[in-house]
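First the structure, in the form of structure tokens, and then the observations on it.
The values are calculated or read from the model by the stated rules, or taken from the named source; none is laboratory data. Keep in mind it's a predicted model, so treat the numbers as computed, not measured. Note that each Cβ is placed from the backbone with ideal geometry, even for glycine, and that neighbours are counted across all protein chains shown.
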Amino acid sequence: MIRNLYLSLMLTAGIIITNRASAQKVDSIKAGDKKLLTSQLKTGLKQYMVYFQMPARKKSLNISLWLRDVRKQTTNGNEVFVTTQHWYGNDTNQYRHIVSVNKTTDFSPISHRETIGNKTKAFNWSETKVTGADTVANNLAKDFSITFDQPNLNWNLDIETFEMLSLAYGKTFAINFYDAGIGKPAYTVYKVTGSEMLTLFDNEKIDCWKLVNEGDFNGNKFTQTFWITKKTHEFLKEEDAFNGGYRYKVKLPGNAPDVVAQFK
């Protein structure tokens, strides 16, 4: 399940980021059920610094910058969310451009396109299947097709999905995620384990829910923790712990420069 540098590193370290829902009572979330609070999703540009800290390389960090721009648009007479991502690293081979389209009513996926270098994979998404988009030139996934018995959500938009959950202490969610073109859809369990005050600039403190996903892959345990503000439902921080290493994702302040706009 190697879809990008992030997954390559995570798998090398012995972590996989999805696990099947257990038999315990959970709040099941899938596309089309209208359980996501789409009014909570804020549009506009959001930027994140992402870095890996590995025990074998204590004096170095693998750092990248992710830009995620969520906009509302009208397509074929219907209002949709269009999420555009740019991932920058210190190597041009790490750069990727991603465009995802979702319904504004329930965040059901409509399409997803990802370009790494000069290689593009593009998909059309419905409640029953994902297929390669035949209208996209040089689409490496043009012959891809998978069918399923339940609608699912785009795993590539996990941050945006978390911001739309009805978070509260003690709640557990099982989200039916799918990473287009890779494996099969799977329910992933996330638990609200408590809350924590995060310190921002000027020592401003903000109360956040802590959302946790944990499990093991080939005997290697991992834990993912996400901090989401109680007041504004914004995703501020992520920490993934695996095999003694960590991956962090931290939301940058609004004054961070828009590096895409700089060179238009």
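Listed conditions (1) among the aliphatic types (A, V, I, L, M); (2) modelled with pLDDT of 95 or more; (3) under 19 Å from Tyr48 (Cβ atoms) are all met by Ile116, apart from (2). On the stretch given as the range 69-106, residues that are more than 22 Å from Ala261 (Cβ to Cβ) and either free of Cβ contacts under 8 Å to residues at least 12 places away in the same chain or touching a Phe, Trp or Tyr at 6+ places or on another chain (Cβ under 7 Å) (or both) total 6. From the list Lys35, Lys121, Lys25, which residue is in a loop (DSSP other than H, G, I, E, B), under 25 Å from Lys184 (Cα atoms) and modelled with pLDDT of 95 or more? When all the criteria are applied, what remains is Lys35.
Hey, could you check the range 44-83 for residues that are in a loop (DSSP other than H, G, I, E, B) and of a type in the set (S, T, N, Q) and say which is surrounded by the most Cβ atoms within 10 Å (Cβ to Cβ)?
Just the residues of the range 44-83 that are in a loop (DSSP other than H, G, I, E, B), to begin with: 54-61, 76-77.
From the residues that got through so far, the ones that are of a type in the set (S, T, N, Q) too are 60, 76.
Values: Ser60: 10, Asn76: 6.
Checking each candidate, the answer is Ser60.
The test for being among the aliphatic types (A, V, I, L, M), surrounded by fewer than 17 Cβ atoms within 10 Å (Cβ to Cβ) and under 29 Å from Ala261 (Cβ atoms) holds for Ala137.
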